[in-house]
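These notes concern the structure reproduced below.
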Amino acid sequence: MKPIGILGGMGPEATNQMAQLLFSVTPAGCDQDHIPILVWNNSLLPHRLDAIWGDGESPVPEMIKMAQQLEMCGVSHIIMPCNTAHYFISEIQPNITIPILNFMDVTSVHIKQHYSFKKVGVLGTNVTTKFGLYRAALEKYGFEVVDPCEEDQQAMTDAIYLVKAGQHLAGKAIMDRVADSLIMKGAECVVMGCTEIPLVMKNEEHSVPLVDPSYCVALETLRLVKEEVGEVVSSEVVAVGELNG
């Protein structure tokens with residue numbers, strides 16, 4: 001069984017949570033049953049949002065180097081637990097021969113397979129919304145996307161950085177309010193499209209399922225690893241909306 005690589009540091013806490021999710025979804029009776037993971041938690045990467053808006057150094061050269069280092073270590077796939085950083089996938093992927101699992105595609109497929117919803121709300125940074133990182137994938141699978149209004153979108157981005165700064169309660173209050181506004185607009189589930197969001201938001205506090213893309217990717221990773229070794233993953237997985245309920 002080859003290890004899985006995590007290209008992380010965006011942010012560091014969410015990177016650790018990604019590794020924890022991989023442990024939590026793996027049925028294991030002993031240490032050797034777990035998926036081997038190589039985590040490159042590089043908190044020194046240049047700021048993604050600043051680079052995208054043209055106000056800072058691009059993180060792409062360093063991200064390419066990290067991906068190549070993980071490939072040299074023998075990983076079979078790379079997970080990048082930062083939704084906003086998926087903006088750069090098209091620049092990173094051509095420089096390696098192993099796949100980067102795409103959060104947007106994996107999450108869209110999971111919702112399609114597990115729910116009968118038509119309208120999906122999306123929470124995330126300004127970049128995630130403005131560039132339609134989730135919209136393109138969700139619409140490809142027939143979903144109608146519900147985004148926050150401009151004012152709520154800026155509030156959501158600010159809330160994400162409150163969580164990054166350790167101000168979880170302040171960030172959570174804003175996130176909960178914006179999520180409820182999407183539900184009021186008809187969203188039947190809400191994608192937590194930034195890896196800081198699931199650190200503080202809880203399913204039991206909302207009237208529709210909150211979908212965690214990191215959890216979706218953890219399940220897909222388990223499926224790929226089991227497929228590699230010739231095992232079949234049970235279809236009886238925990239529904240995304242029940243994970244942290």
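The values are calculated or read from the model by the stated rules, or taken from the named source; none is laboratory data. Predicted, not measured: the structure shown is a model, and the values here were computed from it. Backbone-built Cβ (ideal geometry, glycine too); neighbour counts: all protein chains shown.
Among all residues of region 64-80, there is none that is modelled with pLDDT under 95 and closer than 30 Å to residue 144 by Cβ.
Under the condition of being surrounded by fewer than 19 Cβ atoms within 10 Å (Cβ to Cβ), under 23 Å from residue 104 (Cα atoms) and at pLDDT 95 or above, the residues counted in region 154-177 number 4.
Mind checking which residues of region 128-145 are among the hydroxyl-bearing types (Ser, Thr, Tyr), within 20 Å of residue 53 (Cβ to Cβ) and either touching an Asp or Glu at 6+ places or on another chain (Cβ under 8 Å) or part of a loop (DSSP other than H, G, I, E, B) (or both)? Answer for region 128-145, where residues must be among the hydroxyl-bearing types (Ser, Thr, Tyr), within 20 Å of residue 53 (Cβ to Cβ) and either touching an Asp or Glu at 6+ places or on another chain (Cβ under 8 Å) or part of a loop (DSSP other than H, G, I, E, B) (or both): just 129.
Tell me which of these residue 237 doesn't satisfy, since it passes every other one: (1) at pLDDT 95 or above; (2) outside any helix (DSSP H, G or I). That leaves (1) as the condition not met.
Would you please name the residue that is surrounded by the fewest Cβ atoms within 10 Å (Cβ to Cβ), looking only at residues in region 43-96 that are of a type outside the set (Gly, Ala, Ser) and in contact with an Asp or Glu (Cβ under 7 Å, 6 or more places away or on another chain)? It would help to see each step written out before you state the result.
Applying the first criterion (of a type outside the set (Gly, Ala, Ser)) to region 43-96 yields 44-50, 52-53, 55, 57, 59-66, 68-73, 75, 77-84, 86-89, 91-96.
Those still in the list that are in contact with an Asp or Glu (Cβ under 7 Å, 6 or more places away or on another chain) too: 45-46, 60, 96.
Values: 45: 20, 46: 14, 60: 18, 96: 18.
In this case the residue turns out to be 46.
Is there a residue being farther than 21 Å from residue 133 by Cβ, surrounded by fewer than 21 Cβ atoms within 10 Å (Cβ to Cβ), outside the structural domain of residue 108 (by TED's automatic domain parsing) and charged (D, E, K, R) anywhere in region 203-226? Checked against the condition, which is being farther than 21 Å from residue 133 by Cβ, surrounded by fewer than 21 Cβ atoms within 10 Å (Cβ to Cβ), outside the structural domain of residue 108 (by TED's automatic domain parsing) and charged (D, E, K, R), region 203-226 yields at least one hit.
Does region 141-159 contain any residue that is of a type in the set (A, V, I, L, M), within 22 Å of residue 215 (Cβ to Cβ) and under 15 Å from the mean Cα position of the chain (by Cα)?
Here is the first cut: in region 141-159, the ones of a type in the set (A, V, I, L, M) are 145-146, 155-156, 159.
Within this subset, residues satisfying the condition of being within 22 Å of residue 215 (Cβ to Cβ) are 145-146, 156, 159.
Of the ones still in play, those that are also under 15 Å from the mean Cα position of the chain (by Cα) are none.
No - not one qualifying residue is present in region 141-159.
Residue by residue through region 146-183, note down the ones that are more than 17 Å from residue 201 (Cα to Cα) and in a loop (DSSP other than H, G, I, E, B).
Filtering region 146-183 down to residues more than 17 Å from residue 201 (Cα to Cα) leaves 146-147, 149-151, 154.
Listed by number, the residues that qualify are 147, 149.
Considering only residues in region 3-13 that are of a type in the set (Gly, Ala, Ser) and surrounded by fewer than 24 Cβ atoms within 10 Å (Cβ to Cβ), the one that is farthest from residue 195 (Cα to Cα) turns out to be 9.
So, of the residues in region 105-127 that are outside any strand (DSSP E or B) and touching a Lys or Arg at 6+ places or on another chain (Cβ under 9 Å), which turns out to be surrounded by the fewest Cβ atoms within 10 Å (Cβ to Cβ)?
Narrowing region 105-127 to residues outside any strand (DSSP E or B): 105-118, 124-127.
Those left that are additionally touching a Lys or Arg at 6+ places or on another chain (Cβ under 9 Å): 105, 108, 125, 127.
Values: 105: 19, 108: 25, 125: 24, 127: 21.
Of everything passing the filter in region 105-127, 105 is surrounded by the fewest Cβ atoms within 10 Å (Cβ to Cβ).
Scanning region 14-30 for any residue that is touching a residue at least 40 places away in the same chain (Cβ under 8 Å), closer than 23 Å to residue 93 by Cα and surrounded by fewer than 21 Cβ atoms within 10 Å (Cβ to Cβ) turns up nothing.
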